[in-house]
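Input: a single structure, listed below in structure tokens.
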Amino acid sequence: MVDTEYPHARTAIITGAGSARGIGQSVARRLARDGWDLGLFDLAGTQLESFAEGLRSTGTRVVTAVVDVTDEGQIDAGALSVESELAPVVAVVNVAGISDPTKFINTSLDRWNRIMSVNATGTFLVMKRFAPGLVERGLGRIVNLSSTAAQTGGGTYSATAYAASKSAIEGLSHGAALELAPRGITVNVVSPAVIDTDIMGGQITDERKPTFTAGLPVGRLGTTDEVAALIEFLVGPDAGYITGATYNINGGARIG
């Protein structure tokens, strides 16, 4: 399907959409303004449903599901509820993830497996569930969230296991991009540096900010809406010739 056939009625799946200060909700707000139907997944069901009600009040059709992205059964149940009530799924945005500051030498196998399971395997499972429908319709946009930590080996807060999980997401995305491109599906990666969310050990207060901004040439934290604006473009009709790309949105933390 070519971009001129990009459908007016379409649904985007967004995982990790429960946090009020998270990237997932910023993506949802932008796509709602663009006329998308939304399937929103998160473990935080009460927060998620409250957010969805606000979107519905503006006329957006929204289906929410309490989903652990490491659980295929929960993913499938959420997907079935979306597919039965909303327009065909065109976009999948994998935001759900966890961070961890544990240094390599102190990382237990259980901790390693948990981080890899949520970040890398969770992204894989969500992609795997929705990819057949995208292939059948001949059109799809998948955007996966990585991190500058995947390129640098760690960050201001998160350490080795987190970096490894995000590197796995990039490899997964590149491989899927190659395989799915002939079927009309793009797969891209958005790789933020320090964004003002709660994933890095809670809210970044004024006292904590100097630690996080010290390595940022732009001298400030990024916002969730700035990341969401990039994702909004990548799932839209003008991005059909872009696939297998990693977009760094990092305030100059890593250039090149």
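The values are calculated or read from the model by the stated rules, or taken from the named source; none is laboratory data. These numbers come from a predicted model, not from an experiment. Cβ placement follows ideal geometry from the backbone for every residue including glycine, while neighbour counts extend to all protein chains displayed.
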Can you pull out the residues in segment 28-74 that are closer than 18 Å to ALA87 by Cα and among the aliphatic types (A, V, I, L, M)? ALA28, LEU31, ALA32, LEU38, LEU40, ALA52, LEU55, VAL62, VAL63, ALA65
Where a residue in segment 5-26 is closer than 17 Å to GLY122 by Cα and its partner, wherever it lies, is assigned to a strand (DSSP E or B) and of a type in the set (S, T, N, Q), with Cβ under 6 Å and at least six apart: THR15/ASN94
Name the residue that is farthest from ALA120 (Cα to Cα), counting only residues in segment 64-87 that are polar (S, T, N, Q) and outside any helix (DSSP H, G or I). THR64
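From the list LYS128, LYS166, exactly one residue is modelled with pLDDT of 95 or more and touching a Ser or Thr at 6+ places or on another chain (Cβ under 9 Å). Which is it? First the steps, then the outcome.
On the way: LYS128 fails: touching a Ser or Thr at 6+ places or on another chain (Cβ under 9 Å).
Among LYS128, LYS166, only LYS166 is modelled with pLDDT of 95 or more and touching a Ser or Thr at 6+ places or on another chain (Cβ under 9 Å).
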Given the conditions (1) under 20 Å from LEU134 (Cα atoms); (2) in contact with an Asp or Glu (Cβ under 7 Å, 6 or more places away or on another chain), report the number of the one that LEU43 does not fulfil. (1)
In segment 200-256, what residues are at pLDDT below 65, buried (at least 16 other Cβ atoms within 10 Å of the Cβ) and not in a loop (DSSP other than H, G, I, E, B)? PHE212, THR213
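Taking segment 23-63 only, how many residues are in a loop (DSSP other than H, G, I, E, B) and buried (at least 21 other Cβ atoms within 10 Å of the Cβ)? I'd like the intermediate steps shown before the answer.
Going residue by residue through segment 23-63, those that are in a loop (DSSP other than H, G, I, E, B) are 34-36, 43-44, 57-61.
Checking the rest, the ones that are also buried (at least 21 other Cβ atoms within 10 Å of the Cβ) come to 36.
Final tally of qualifying residues: 1.
Please go through segment 108-126 and pick out each residue that is in contact (Cβ under 8 Å) with a residue 40 or more places away in the chain and either over 15 Å from the mean Cα position of the chain (by Cα) or surrounded by fewer than 24 Cβ atoms within 10 Å (Cβ to Cβ) (or both).
Quick first cut of segment 108-126, residues in contact (Cβ under 8 Å) with a residue 40 or more places away in the chain only: 111-112, 115-126.
Residues satisfying the conditions are ARG111, TRP112, ILE115, MET116, SER117, VAL118, ALA120, THR121, PHE124, LEU125.
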Segment 127-170, residues that are under 17 Å from the mean Cα position of the chain (by Cα) and among the aromatic types (Phe, Trp, Tyr): PHE130, TYR162
Residue under evaluation ALA193, criteria (1) crowded, with 23+ Cβ neighbours inside 10 Å; (2) under 26 Å from ALA12 (Cβ atoms); (3) modelled with pLDDT of 85 or more; (4) not acidic (Asp, Glu), criterion not met: (3)
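Go through the residues of segment 168-178 one by one and say whether even a single one is of a type outside the set (Gly, Ala, Ser), surrounded by fewer than 16 Cβ atoms within 10 Å (Cβ to Cβ), over 26 Å from VAL66 (Cα atoms) and out of contact with any His (no Cβ under 7 Å at 6 or more places or on another chain).
Step one: list which residues in segment 168-178 are of a type outside the set (Gly, Ala, Ser), which gives 169-170, 172, 174, 178.
This time we only want the ones that are surrounded by fewer than 16 Cβ atoms within 10 Å (Cβ to Cβ), so: 178.
Keeping just the survivors that are over 26 Å from VAL66 (Cα atoms) gives 178.
Right, trim to out of contact with any His (no Cβ under 7 Å at 6 or more places or on another chain) and you get 178.
Yes, segment 168-178 contains at least one residue that is of a type outside the set (Gly, Ala, Ser), surrounded by fewer than 16 Cβ atoms within 10 Å (Cβ to Cβ), over 26 Å from VAL66 (Cα atoms) and out of contact with any His (no Cβ under 7 Å at 6 or more places or on another chain).
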When (1) in contact with a helix residue (DSSP H, G or I) (Cβ under 8 Å, 6 or more places away or on another chain); (2) surrounded by fewer than 23 Cβ atoms within 10 Å (Cβ to Cβ); (3) part of a helix (DSSP H, G or I) are applied to LEU134, the one that fails is (2)
Among (1) surrounded by fewer than 16 Cβ atoms within 10 Å (Cβ to Cβ); (2) at pLDDT 95 or above, the one test that PRO101 misses: (2)
